[in-house]
Amino acid sequence: MLLAIEQSYDPAIKQLRKNYTSPSETTVTIDAVARGILKSCPLVVIDVTTGRLCDGLERMTIFKADPLFKALVSSMTRKADRERIQRVATSFFGYVMFSHAWQGNEPSFQDVNAVESVWNLPNTPLSGKLQNFCKETRRLGFRWAWSDTCCIDKTMSSILNQSLTSMYKWYADSATTLVFLAGVGHPSKPGDLTRSLWMTRAWTLQELLAPKVILFYDSQWKPYLGDTGTNHKESPETMQELVNAIKIPCGTIVKFSPDDLGVREKLHLASTRNATMEEDVAYSLIGIFKSDIRPHYGEGANALGHLLEEIVARFGEVAVLAWSGKSSSYNSCLPDCISVYSQALYNPPSLEGEGMKTRVVQLRGKLSKREALSIYKQIKSLQPARFAARRLYLPCIVFPVRALSIQGDHRGDEKLYHAEVSGLGSVKFTTTYGLTPGKQKKLVFVHPWIRHIRGPSSGVAGENDTDTDSDSDGSAGSDEDASSHAVAVPQAGGYARALQMIARLGQPFNALLLVRQPDGEYKRVAAENEIVVPGLGTDVTPKNIRARVLEIL
């Protein structure tokens with residue numbers, strides 16, 4: 001019909017051509033939509049009908065040979081319906097992701113390609129695990145399946161890196177994720193899931209949170225707790241078990257977004273999980289933190305350093321500095337392992353409501369408006385924390401140590417120290433660092449929780465030039481002196497807001513201990529426990545507030 005219209009000499013008939021679309025034009029539209037969908041799919045998947053590994057080009061070829069494709073083209077004569085094409089193509093390319101704990105020499109990309117199909121793999125328990133996953137995928141009505149064992153060519157670093165950085169999105173966009181709990185016997189019992197090996201592995205955290213639809217199976221490939229529902233994220237019993245175990249709201253588990261949890265909450269979730277490869281502790285969190293770090297196996301513990309550095313650099317978030325234990329070789333302010341984030345943090349008593357009013361009244365009797373605004377300007381002008389060349393530039397309030405002594409008995413390298421600190425008084429702490437009273441380089445305690453001091457509604461000042469400060473109040477010659485920044489003083493209610501900020505500054509806080517290096521930088525002295533200091537209370541004067549940006553190695 002289109003040919004007859006195109007060959008007609010009648011202009012009115014030729015005009016009708018605009019109302020119709022040709023099969024070739026429809027095919028072009030379908031092709032564009034399908035390619036867009038495949039860009040968000042895993043690079044390689046298993047065709048569970050044949051057991052072969054298929055890349056995007058092969059999947060497109062299979063799609064075009066399917067009767068569904070031909071029916072789609074022939075059904076559109078007047079206009080290509082992109083919405084319908086999107087629905088049909090999305091359904092066709094829908095894939096199922098596999099989540100499990102590795103158990104040894106799992107079938108690899110090369111193993112499957114060598115025998116051309118997962119169905120031709122040797123008769124071993126691990127081959128059987130992969131085949132059972134494919135069988136269950138097929139039973140659920142899907143054609144495409146993905147497993148981290150055989151769908152990534154790990155001999156090609158570019159493919160491996162792209163897969164690692166895309167994996168969170170692949171799980172999030174999957175039609176279903178099947179979780180195999182190898183150590184959970186049949187019949188399964190409540191609590192088996194959260195006691196399973198699967199719950200201890202680093203990669204399985206994102207495999208739990210990212211998918212919208214998830215199904216758990218015991219060692220016999222039977223639904224967990226006999227639940228034959230289509231989505232175990234809709235199972236009250238299973239979800240309550242997970243809520244009790246990982247201590248986040250049910251709604252967050254069911255419909256997780258990386259923005260749902262704070263930095264510290266995410267690190268706490270990851271802190272109890274383990275990985276065979278040291279780097280995977282960090283790489284498994286790329287999606288959860290929306291990180292841009294590039295995987296590079298061989299960097300060891302530096303991978304965690306890169307991740308934490310990016311968190312500080314991207315968000316100005318210093319919550320990653322709240323830990324006790326051992327310092328990383330990456331930077332002394334970062335920990336050497338993620339497990340430290342399982343520690344409960346010290347939280348100062350709330351100062352809201354009447355408590356804040358009382359403290360402001362007390363401060364008003366001790367600080368003039370000029371003094372209060374002077375302190376306000378120092379703190380308000382501090383720029384966010386940042387990293388450069390593994391050096392942390394940390395905004396903080398500095399409290400110099402005037403005297404140091406060793407207290408009582410000590411165990412091994414761990415010693416109890418007593419410090420007299422300017423503005424804070426007496427502070428005790430334990431460390432294996434090996435400090436020498438009387439011969440020690442300059443020590444300072446610092447308050448780095450500037451966001452807390454500023455309060456929930458205060459912003460961050462813009463970029464300003466900095467001056468150097470070489471006085472003897474505990475700052476290095478190269479430290480940035482916040483008092484030299486030009487910051488607009490608040491007008492209406494400025495005195496009250498300044499006093500509220502000072503009230504928060506006066507609270508007890510978890511301090512970091514730093515030791516000055518020969519060239520003026522600092523290193524963190526890692527302590528065995530949190531160093532909680534009493535704070536300034538209401539004994540605050542502009543003289544004992546030293547707002548600085550310290551350079552930390």
Where the second residue is open to solvent by 50 Å² or more (accessible area, probe 1.4 Å) and the first is modelled with pLDDT of 90 or more and lies in segment 333-360, which pairs have Cβ atoms under 6 Å and are six or more apart or on separate chains? ASP336/LYS326; TYR341/HIS268; SER342/THR272
Taking segment 281-292 and keeping only residues that are free of Cβ contacts under 8 Å to residues at least 24 places away in the same chain and either small (Gly, Ala, Ser) or crowded, with 21+ Cβ neighbours inside 10 Å (or both), one is left with SER291
Exactly one of PHE509, PHE429 is closer than 28 Å to GLN362 by Cβ and either modelled with pLDDT under 90 or under 36 Å from the mean Cα position of the chain (by Cα) (or both), and that one is PHE509
With respect to the numbered conditions (1) over 14 Å from TYR168 (Cβ atoms); (2) open to solvent by less than 10 Å² (accessible area, probe 1.4 Å), which one is the sole condition not fulfilled by HIS268? (2)
Please go through segment 293-307 and give me each residue that is within 19 Å of CYS333 (Cβ to Cβ) and either small (Gly, Ala, Ser) or open to solvent by less than 10 Å² (accessible area, probe 1.4 Å) (or both), ordered by number. GLY300, ALA301, ALA303, GLY305, LEU307
Please find, among LEU225, LEU242, the residue that is at pLDDT 95 or above, within 29 Å of SER342 (Cβ to Cβ) and more than 29 Å from the chain's Cα centre (by Cα). LEU225
Counting only residues that are among the β-branched types (Val, Ile, Thr) and in contact with a Lys or Arg (Cβ under 9 Å, 6 or more places away or on another chain), segment 318-376 contains a total of 4
Going by what's in this entry, would SER99 be described as at pLDDT 95 or above and either touching a strand residue (DSSP E or B) at 6+ places or on another chain (Cβ under 6 Å) or among the acidic types (Asp, Glu) (or both)? yes
Listed by range, helices (runs of 4 or more DSSP H) wholly within segment 71-185 having at least 3 residues that are free of Cβ contacts under 8 Å to residues at least 60 places away in the same chain, more than 25 Å from ALA275 (Cβ to Cβ) and open to solvent by 30 Å² or more (accessible area, probe 1.4 Å) are 82-93
Might you check whether a residue that is at pLDDT below 90, among the aromatic types (Phe, Trp, Tyr) and assigned to a loop (DSSP other than H, G, I, E, B) occurs anywhere in segment 301-321? no
Search segment 404-422 for residues that are within 22 Å of VAL444 (Cα to Cα) and at pLDDT below 75 and pair each with any residue that is surrounded by fewer than 12 Cβ atoms within 10 Å (Cβ to Cβ) and among the acidic types (Asp, Glu) when their beta-carbon atoms are under 8 Å apart and the residues are at least 6 apart or on different chains. none
Quick one: count up the residues across segment 223-255 that are more than 21 Å from ASP173 (Cα to Cα), surrounded by 15 or more Cβ atoms within 10 Å (Cβ to Cβ) and not aliphatic (A, V, I, L, M). 5
Here the qualifying pairs (Cβ atoms under 6 Å; residues six or more apart or on different chains; first in segment 259-271 and over 10 Å from SER342 (Cα atoms); second of a type in the set (Gly, Ala, Ser) and open to solvent by less than 40 Å² (accessible area, probe 1.4 Å)) come out as VAL263/ALA319
Note on segment 1-57: residues part of a loop (DSSP other than H, G, I, E, B), of a type in the set (Gly, Ala, Ser), modelled with pLDDT of 55 or more and more than 30 Å from SER174 (Cβ to Cβ) are SER22
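The values are calculated or read from the model by the stated rules, or taken from the named source; none is laboratory data. Worth saying up front: this structure is predicted, and the values here are computed from it rather than measured. Here the Cβ is made from the backbone with ideal geometry for all residues, glycine too, and neighbour counts use every protein chain on show. These accessible areas exclude ligands, DNA and RNA; they are computed on the full protein's heavy atoms, side chains included. Shrake-Rupley method; radii C 1.70, N 1.55, O 1.52, S 1.80 Å.
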